[in-house]
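Student: Below you will find the structure I want to go over with you.
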Amino acid sequence: YAWFRNNVNTGQITSTFSLSPATSSAAGTYFVRFTESVCGLESQSNSATVNIVPQPTINLGPDITTCDKSIPLSNAAFSNTPGIVWQILSGSGRFAPNNQLTNPTYFPSLADQISGTVTLSATTVSAGPCASVSDGITIN
């Protein structure tokens, strides 16, 4: 067995490939080539390609303290995902123009303004085999 990443031999020669830790810097296409001789006769070879996809990340930034009646959610940072979806965990306001934009504006309801606290979260859109991840933010 011989494992290659981007056509460069990784040095691993076992039938299983270990990638630890599986970080975004390890993402890429891996190729394994194995050759088999049966009773000293003709050798056979085969190959397979393994794609490693980095885990998505999301960070909504620090909690927000404001008296505004429209709150731009502009600190969201994410990677390795095509987008995010916002959810209201506690509160009854609305997102504008919608909850599927990276940086929507949140408009607190009258009940939100009376309670003084809203909790929101955003979840990455699933891309490939990786699970979605979420982060939360509180608005006071």
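The values are calculated or read from the model by the stated rules, or taken from the named source; none is laboratory data. A quick note: this is a predicted structure, and the numbers were derived from the prediction, not measured. No Cβ is skipped: glycine too gets one built from the backbone with ideal geometry, and neighbour counts run over all protein chains shown. These accessible areas exclude ligands, DNA and RNA; they are computed on the full protein's heavy atoms, side chains included. Shrake-Rupley method; radii C 1.70, N 1.55, O 1.52, S 1.80 Å.
Yes/no matrix, rows are residues, columns are (1) part of a loop (DSSP other than H, G, I, E, B); (2) surrounded by 13 or more Cβ atoms within 10 Å (Cβ to Cβ):
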| site | (1), (2) |
| --- | --- |
| Ser74 | yes, no |
| Thr81 | yes, yes |
| Gln87 | no, yes |
| Asp112 | no, yes |
| Ala131 | yes, no |
| Ile137 | no, yes |
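Student: Something else about it: When you go through (1) modelled with pLDDT under 80; (2) open to solvent by 70 Å² or more (accessible area, probe 1.4 Å); (3) in a loop (DSSP other than H, G, I, E, B); (4) farther than 22 Å from Ser126 by Cα one by one for Pro21, which number turns out not to apply?
Tutor: Here Pro21 clears every test but (4).
Student: Let me confirm something: among Gln100, Gln12, which residue is surrounded by 10 or more Cβ atoms within 10 Å (Cβ to Cβ), modelled with pLDDT of 90 or more and either touching a strand residue (DSSP E or B) at 6+ places or on another chain (Cβ under 7 Å) or under 30 Å from Ser115 (Cβ atoms) (or both)? Steps first, please.
Tutor: Details: Gln12 fails: modelled with pLDDT of 90 or more.
On inspection, the qualifying residue turns out to be Gln100.
Student: Give all pairs with beta carbons closer than 8 Å in which a residue from the stretch 105-118 that is closer than 15 Å to Gln87 by Cβ meets a residue that is open to solvent by 60 Å² or more (accessible area, probe 1.4 Å) and hydroxyl-bearing (Ser, Thr, Tyr); count only pairs at least 6 apart in sequence or on separate chains.
Tutor: Filtered contacts from the stretch 105-118: Asp112/Ser92.
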